[in-house]
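Worksheet: one structure, shown below.
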Amino acid sequence: MVQLWKVKKSVELYGIDRWGAGYFDVNEEGNLVVKPNQTAEHGADLKKIVDQLVAEGDRLPIVLRFPQILEDRVKILNECFRQAIKEAEYGASYKGVFPVKVNQNKDVVQRLLTIGEDYDYGIEVGSKPELAAAMGLKFKHDALFICNGYKDDDFITSALYASAIGRTVVIVVDAVQEVFRIISLSKKYKIKPLIGIRCKLYSRGSGKWVSSGGEVGKFGLTSGQILDCIETLRENDLLEQLKMLHFHIGSQITEIRRVRKAVIEAARVYSKVKQTGIDIRYLNVGGGLGVDYDGSRTPSDSSVNYSIQEYANTVVYTIKDICNEEAVDVPNIVTESGRAVAAYHSLMVSNVRGKISMDYEVDEVDPGEDSPKVVRDLYEVWRDLTAKNYVESFHYALEMKNDMVSLFNLGHLSLRDKAVAERYFWASCKKALKFARVHKDTLEDFDELSKQMAHKYVFNFSVFQSFADYWAIGQLFPIIPIHRLDERPTEYATLVDITCDSDGKVDKFIDIWDVKDKIELHKLRENDPYYLAVCMLGAYQDTIGDYHNLFGAEREAHVEIYDDGSWDIIKKIDGDDIANVLGYASYDKRGLVNNMTRSIKEAVDANKVTNAMGKRILSRYKKDLESYTYLKQN
Ligand SMILES: Cc1ncc(COP(=O)(O)O)c(C=O)c1O
């Protein structure tokens with residue numbers, strides 16, 4: 001058959017040029033390509049990277065990180081704000097910080113801070129472990145070091161010490177009681193930190209994280225509490241340390257008007273505080289800068305209806321306008337954008353191990369006059385189903401199927417007859433669906449049928465570990481084959497993972513118009529691995545995952561890409577082995593081996609196995625404990 005499919009069609013079908021933001025493309029060989037920055041001419045061939053890793057003995061799934069993409073994102077974010085500030089003739093500066101909660105990986109954070117030096121790019125922490133990590137990282141002392149989240153005395157003391165050694169630490173009061181702790185510890189250690197106040201806005205974000213903000217949000221101070229906090233600081237001679245007003249209305253804000261609204265409200269609060277004579281200098285607009293996961297550029301949950309430049313312009317111009325109206329100097333602007341910085345830089349690749357299908361093949365053979373009526377009827381439905389009668393035939397087949405189930409339950413049908421009837425039923429469905437697709441039939445029945453008949457591709461991963469936000473809150477990520485993109489994908493499929501959990505599946509996929517309940521994939525070929533990538537996993541997914549079924553962390557490889565598209569794997573990190581994950585559940589390797597040795601000895605003594613067999617079992621057990629938790633490649 002003539003191959004009419006072109007890679008361009010794959011680019012379109014999977015929306016690569018829309019969600020890929022310039023970091024993804026397809027080469028002439030039909031392989032997915034990753035580019036180190038949005039303007040790069042050449043990119044690295046993902047299939048070749050995976051082939052090399054597999055040849056070197058690496059097992060799948062594997063997370064691939066592209067640190068240069070992180071660098072590109074930091075540059076873009078900072079340059080967009082520089083541009084907006086220049087254009088608006090804004091009288092103060094911009095300082096970004098990376099919120100460590102988005103990706104705590106040391107290589108990721110250190111790379112971001114290093115590339116961000118030219119921009120005084122700083123860090124935001126929200127817990128004691130994150131604070132400890134940040135204190136041990138190298139970055140400029142001028143860069144902001146913002147401490148958010150609920151804090152106890154230990155948290156505040158460490159933050160004070162970080163400030164004492166010269167870091168520009170801002171301790172943000174997230175809850176009323178914290179101000180008293182900060183004051184008392186500051187007096188105790190004679191260290192005066194910079195202080196921020198998180199304010200509770202009426203404005204809320206949009207999309208899946210809408211409940212993070214608003215007047216009943218978990219964090220922040222109301223207007224009355226802000227005034228009390230100011231008084232308390234004044235009474236304790238710490239008011240001159242109040243330098244920042246902060247807010248965060250939630251991640252992935254899908255609509256730019258929500259950003260504008262929140263910034264208006266916060267800029268008003270800032271101005272009123274400033275008008276009282278307090279030398280407050282920074283307005284921190286938090287995170288929320290969203291990412292277009294589905295490429296639709298709409299305010300849908302998986303997208304955003306604005307660009308980074310539009311976001312920067314909105315923040316800068318809005319603050320300027322409000323401060324002009326209120327006749328106060330404009331503040332330095334801080335953002336805590338994490339998702340937009342980290343999302344693109346990593347993806348996970350794994351192999352499809354097989355498929356589960358309803359796709360029963362039937363032969364033309366008449367089941368015979370002797371077969372039960374229901375079997376004959378279903379055979380005839382299948383045989384006579386045409387483009388003209390496919391709707392009625394499908395409905396009739398449904399009725400017959402129900403009859404068949406009743407007959408079987410009443411004991412009037414053998415298992416063999418039931419099997420034959422089922423096969424003709426599904427074959428009729430398949431035929432009817434084919435005609436429905438040709439006629440672009442919008443009948444709901446066929447929508448449902450098409451979902452039921454989609455193949456289930458068994459993908460070697462755990463949804464709970466690799467992209468838990470899909471399972472937890474229905475966040476969508478682009479999923480795409482990394483090869484065969486010069487070939488028409490002829491199959492409709494959903495993905496099932498390898499956990500023993502019926503929630504361990506992916507049956508929602510990005511689409512420009514809607515959300516797809518199945519994805520177009522290629523026919524699986526014997527002895528030919530089929531690889532899929534789940535892209536844009538760099539924000540939140542690394543640590544939000546869990547250990548369901550004890551699959552544990554995936555292997556990791558970091559890839560540096562050169563101008564001509566060649567690449568090097570600069571670092572590899574082992575995934576969890578079985579002993580590791582068992583350790584998380586309080587098993588210790590030595591104890592397990594000892595118990596197993598004892599059981600084997602008892603079996604040998606009881607002549608259940610030979611001594612040689614016992615040795616083999618023990619050696620196998622030890623080897624298993626050291627092996628990767630995921631399935632081997634077929
Ligand atoms: C206080 C704070 N700042 C920043 C962020 C990062 O937000 P985003 O990843 O949407 O930029 C978060 C995450 O929700 C947050 O809670």
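Read-outs: derived from the displayed coordinates by stated rules, not from any lab. Given the structure is predicted, the values throughout are model-derived calculations rather than measurements. Ideal geometry is used to build each Cβ from the backbone, glycine not excepted, and the neighbour counts take in all protein chains shown.
Kindly provide the set of residues from the range 243-290 that are under 21 Å from Cys147 (Cα atoms), small (Gly, Ala, Ser) and within 9 Å of the ligand (Cβ to nearest atom), ordered by number. Scanning the range 243-290 gives Gly250, Ser251, Gly286, Gly287, Gly288.
Name the residue, out of Leu131, Leu77, that is closer than 30 Å to Asp321 by Cα, in contact with a Ser or Thr (Cβ under 8 Å, 6 or more places away or on another chain) and in a helix (DSSP H, G or I).
Values: Leu131 fails: closer than 30 Å to Asp321 by Cα.
Only one candidate passes the filter, namely Leu77.
Among the residues of the range 592-626, those identified as within 30 Å of Ser466 (Cα to Cα) and loosely packed, with under 13 Cβ neighbours inside 10 Å are Arg620, Lys623, Asp624, Glu626.
Rundown of residues vs (1) under 46 Å from the mean Cα position of the chain (by Cα); (2) in contact (Cβ under 8 Å) with a residue 40 or more places away in the chain, yes/no style:
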residue	(1), (2)
Pro367	no, yes
Met404	yes, no
Arg423	yes, yes
Asp441	yes, yes
Asp445	yes, yes
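Of the helices (runs of 4 or more DSSP H) entirely within the range 150-238, those holding at least 2 residues that are surrounded by 14 or more Cβ atoms within 10 Å (Cβ to Cβ) and within 16 Å of the ligand (Cβ to nearest atom) occupy 153-164. The residue that is nearest to Ser462 (Cα to Cα), counting only those in the range 602-633 that are among the β-branched types (Val, Ile, Thr) and part of a loop (DSSP other than H, G, I, E, B), is Thr629.
Checking each residue in the range 575-601 for being in a helix (DSSP H, G or I) and more than 30 Å from His558 (Cα to Cα) picks out Arg590, Gly591, Leu592, Val593, Asn594, Asn595, Met596, Thr597, Arg598, Ser599, Ile600, Lys601. Of the residues making up the range 330-357, those that are away from the ligand (no atom under 16 Å from the Cβ) and not charged (D, E, K, R) are Val330, Pro331, Asn332, Leu347, Met348, Val349, Ser350, Asn351, Val352, Gly354, Ile356, Ser357.
Of all the criteria given as (1) under 30 Å from Ile62 (Cα atoms); (2) surrounded by fewer than 18 Cβ atoms within 10 Å (Cβ to Cβ); (3) not charged (D, E, K, R), the one not satisfied by Thr386 is (1). All of (1) in a helix (DSSP H, G or I); (2) closer than 22 Å to Tyr630 by Cα hold for Cys500 with one exception: (1).
Would you pick out the residues in the range 134-144 that are touching an Asp or Glu at 6+ places or on another chain (Cβ under 8 Å) and within 21 Å of Asn103 (Cβ to Cβ)?
Going residue by residue through the range 134-144, those that are touching an Asp or Glu at 6+ places or on another chain (Cβ under 8 Å) are 139-140, 142-144.
Listed by number, the residues that qualify are Phe139, Lys140, Ala143, Leu144.
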